[in-house]
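What follows is a short report on a single structure.
The values are calculated or read from the model by the stated rules, or taken from the named source; none is laboratory data. All values derive from a computational prediction rather than experimental measurement. No Cβ is skipped: glycine too gets one built from the backbone with ideal geometry, and neighbour counts run over all protein chains shown. We work out accessible area using only protein heavy atoms, side chains counted, and drop any ligands, DNA or RNA first. Shrake-Rupley method; radii C 1.70, N 1.55, O 1.52, S 1.80 Å.
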Amino acid sequence: MRLFELLKKQRYKVFNHSAVKLCLWTKKSIRDLGFCYKQKFYGIESHRCMQCTPAVGWCTMRCRFCWRPITETCEGLKIPEENDPEEIVENLIKLHRTLLTGLGGVPHNEKKLREARDPRHAAISLAGEPMVYSKMDGLLKEFHKRGMTTFLVTNGTFPERVVNLKELPTQLYVSVCAPNRRIFKSVNSPVIPDAWERLNRTLEILNDIGTTTVIRLTLAKGLNFTEPNGYGKLIKKASPDFVEVKAAMPVGFAKDRLEYSQMPLHREIKEFSEKISSVTGYILKDEKEDSRVVLLSRE
Ligand code: SF4
């Protein structure tokens with residue numbers, strides 16, 4: 001299938017329906033060239049992070065700023081022949097280690113490269129909608145059993161699966177990329193009829209899900225960088241612990257759909273965050289300029 005050829009070119013390593021890819025910040029950190037905003041905000045170690053997904057080709061949306069090849073998405077919302085969680089985690093860690101070997105040939109921090117082979121954090125956010133995978137409980141359990149923390153990023157269209165999670169991620173992210181239904185349809189291009197309603201149900205569930213919750217706004221000019229009041233309403237519905245207000249980045253296949261000029265400057269992201277803060281009462285807690293992101297906190 002063309003999708004997997006394209007992913008291979010982008011240095012994804014694929015295991016059946018799952019995949020892993022070295023994050024730019026993992027590489028930078030191993031070379032002592034900086035670390036990601038999640039290390040700054042939440043203390044995870046970028047060099048010991050494994051960026052992965054159990055549903056690399058499946059999603060309920062075709063977001064304009066998505067970095068995967070959205071025109072090449074697997075049919076349907078059921079993964080045929082799903083692997084068991086243990087198999088997935090074992091094989092993704094093996095593939096992650098093969099990706100790290102490439103860093104041995106460039107100047108790097110030897111201690112960090114050694115440690116990176118033993119990942120301590122799983123960023124389940126690489127591509128596709130992870131909740132399409134029906135055994136997420138088991139997958140989270142497998143990572144936690146290995147002493148790894150987990151950040152799970154969902155687009156919110158599987159409320160029934162989120163509410164039934166017995167094993168919770170260390171941090172649960174919901175991507176909110178539109179202040180209202182009209183912009184949602186044009187920016188996220190959902191392939192299911194009730195995506196907006198499903199997202200809103202997930203936001204309601206977040207209130208008392210029992211783990212740290214984050215709403216992430218990924219914003220692009222000319223698309224969804226508008227109506228802070230609309231975002232404020234959705235944030236209040238979910239009352240997450242944190243809100244990340246972030247510029248969309250034209251990376252991967254998003255380069256074909258987004259201009260650099262559509263990326264809000266950090267100053268503009270900060271101004272937008274201040275408007276959301278005044279609507280919601282959330283406070284500005286932190287920021288990282290080179291990632292054009294601001295962190296708002298409920299307390
Ligand atoms: S947490 Fe995200 S940005 Fe940070 S190293 Fe992992 S995948 Fe990259």
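LYS285 falls short on exactly one of the conditions (1) part of a strand (DSSP E or B); (2) open to solvent by less than 40 Å² (accessible area, probe 1.4 Å), and that condition is (2). Against the conditions (1) more than 30 Å from SER186 (Cβ to Cβ); (2) within 16 Å of the ligand (Cβ to nearest atom); (3) open to solvent by less than 60 Å² (accessible area, probe 1.4 Å), GLY104 satisfies every one except (2). Tell me yes or no: at least one residue of region 277-284 is among the polar types (S, T, N, Q) and at pLDDT below 95. Checked against the condition, which is being among the polar types (S, T, N, Q) and at pLDDT below 95, region 277-284 yields no hits at all.
Can you tell me which residue among GLY210, GLY156 is out of contact with any Pro (no Cβ under 6 Å at 6 or more places or on another chain), open to solvent by less than 30 Å² (accessible area, probe 1.4 Å) and under 25 Å from ASP137 (Cα atoms)?
GLY156
Residue-wise test of (1) in a loop (DSSP other than H, G, I, E, B); (2) farther than 24 Å from LEU284 by Cβ; (3) free of Cβ contacts under 8 Å to residues at least 40 places away in the same chain; (4) out of contact with any strand residue (DSSP E or B) (no Cβ under 6 Å at 6 or more places or on another chain).
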position	(1), (2), (3), (4)
PRO169	yes, yes, no, no
VAL191	yes, yes, no, yes
GLU197	no, yes, yes, yes
ILE205	no, yes, no, yes
ILE215	no, no, no, no
LEU234	no, no, no, yes
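All but one of (1) touching a residue at least 12 places away in the same chain (Cβ under 8 Å); (2) more than 16 Å from the ligand (Cβ to nearest atom); (3) under 29 Å from ARG292 (Cβ atoms); (4) of a type in the set (Val, Ile, Thr) hold for THR71; which doesn't? Of (1) touching a residue at least 12 places away in the same chain (Cβ under 8 Å); (2) more than 16 Å from the ligand (Cβ to nearest atom); (3) under 29 Å from ARG292 (Cβ atoms); (4) of a type in the set (Val, Ile, Thr), only one is false for THR71: (1). For region 155-170, does any single residue satisfy the condition of being within 16 Å of the ligand (Cβ to nearest atom), of a type outside the set (Gly, Ala, Ser), over 17 Å from ARG198 (Cβ atoms) and at pLDDT 95 or above? Within region 155-170, one or more residues are within 16 Å of the ligand (Cβ to nearest atom), of a type outside the set (Gly, Ala, Ser), over 17 Å from ARG198 (Cβ atoms) and at pLDDT 95 or above.
Within the group PHE253, PHE242, PHE225, which residue is at pLDDT below 95 and open to solvent by 30 Å² or more (accessible area, probe 1.4 Å)?
On the way: PHE242 fails: at pLDDT below 95; PHE225 fails: at pLDDT below 95.
Step by step, each of PHE253, PHE242, PHE225 is checked, and only PHE253 is at pLDDT below 95 and open to solvent by 30 Å² or more (accessible area, probe 1.4 Å).
Restricting to region 11-33, and then to whatever is within 14 Å of the ligand (Cβ to nearest atom) and open to solvent by less than 40 Å² (accessible area, probe 1.4 Å), can you tell me which residue is farthest from PRO107 (Cα to Cα)? Among them, the one singled out is ALA19.
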